[in-house]
Amino acid sequence: MTPLGHLSLALIAGHLQDYDGRDLSLCLIGSVLPDVIDKSLWRIGPFITGHTLAHSVLTFSVVSIMILALPRLRRLTPFIPGYGAHILADLMVAYPKFMINYFWPLLPQRPTPDGPAVDYWINYAASAPGVVEIISVAIGTYILIHYRLPHQWYNHFSWQQFSEFSSHRREYTTG
Ligand SMILES: [Zn+2]
């Protein structure tokens, strides 16, 4: 799944939980951090795939339990749905062949194929996870525009203003 898909899923999860700006930010950070960590570790060299340490269901479980169990960390709770949505979405894409990577370090890593990028993304867009991502981005965009952007911004582009502008223009052009 692309970063846009992960952010959209986190936005939907945070919106359903009625998070304020601070909590939604934590949720969004949780949705991108696994890729930032694991893709960096993959580029640097210790791992042979970009889905290991931060993508492991074990790491997710330990992090979630620590946040919920330790009073000092409990304010980070909105991080969990964003992080969890990332792992679930990636598991859906990895199913069934590459699920093994999500149980690191208990199971060995399996390198993902490095085929032509265009072919990969065309196949992905037509697959079930690809369709889920497209729908998630559409719903996320709707939530962002209607509920999460500053009201003045939305008003500025509202249909009401557009129609007022159009009617003024009509008056002007018709004399
Ligand atoms: Zn990922």
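The values are calculated or read from the model by the stated rules, or taken from the named source; none is laboratory data. Please read these numbers as outputs of a predicted model, since none were measured by experiment. In this analysis, Cβ positions are derived from the backbone assuming ideal geometry, glycine residues included, and neighbour counts consider all displayed protein chains.
Taking P129 and the conditions (1) touching a residue at least 12 places away in the same chain (Cβ under 8 Å); (2) crowded, with 17+ Cβ neighbours inside 10 Å; (3) farther than 22 Å from L33 by Cβ, which numbered condition does it fall short on, given that it satisfies the others?
For P129, the exception is condition (3).
Can you tell me which condition I37 does not meet? The list is (1) surrounded by 18 or more Cβ atoms within 10 Å (Cβ to Cβ); (2) among the aliphatic types (A, V, I, L, M); (3) within 16 Å of the ligand (Cβ to nearest atom), and all the others hold.
(1)
From the set of residues in segment 21-34 that are surrounded by fewer than 21 Cβ atoms within 10 Å (Cβ to Cβ) and either within 12 Å of the ligand (Cβ to nearest atom) or modelled with pLDDT under 95 (or both), which is farthest from F103 (Cα to Cα)?
G21
Which one of the conditions (1) more than 12 Å from the ligand (Cβ to nearest atom); (2) in a helix (DSSP H, G or I); (3) not charged (D, E, K, R) does W42 fail to meet, given that it meets all the rest?
The single condition W42 does not satisfy is (1).
Residue-by-condition table, conditions (1) out of contact with any helix residue (DSSP H, G or I) (no Cβ under 7 Å at 6 or more places or on another chain); (2) away from the ligand (no atom under 16 Å from the Cβ); (3) not aromatic (F, W, Y):
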| position | (1), (2), (3) |
| --- | --- |
| H55 | no, no, yes |
| S61 | yes, yes, yes |
| S64 | no, yes, yes |
| G82 | no, no, yes |
| I87 | no, no, yes |
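Would you mention how many residues in segment 1-20 are assigned to a helix (DSSP H, G or I) and within 15 Å of the ligand (Cβ to nearest atom)? Explain how you work it out, then say what you get.
Within segment 1-20, the subset assigned to a helix (DSSP H, G or I) is 3-16.
Within this subset, residues satisfying the condition of being within 15 Å of the ligand (Cβ to nearest atom) are 3-10.
So the answer is 8.
Do the conditions hold for A69, that is, is it small (G, A, S) and within 12 Å of the ligand (Cβ to nearest atom)? Let's see the steps before the verdict.
Working: small (G, A, S): yes; within 12 Å of the ligand (Cβ to nearest atom): no.
No; evaluated as a whole, the condition is false for this residue.
Pick out the one residue from W104, W121 that is among the aromatic types (F, W, Y), surrounded by 10 or more Cβ atoms within 10 Å (Cβ to Cβ) and at pLDDT 90 or above. Before the answer, list the steps.
On the way: W121 fails: at pLDDT 90 or above.
So the residue among W104, W121 that is among the aromatic types (F, W, Y), surrounded by 10 or more Cβ atoms within 10 Å (Cβ to Cβ) and at pLDDT 90 or above is W104.
Looking at segment 40-93, which of its residues are of a type in the set (K, R) and modelled with pLDDT of 95 or more? Let's see the steps before the verdict.
Taking segment 40-93 first, the residues of a type in the set (K, R) are 43, 72, 74-75.
Matches in segment 40-93: R72, R74, R75.
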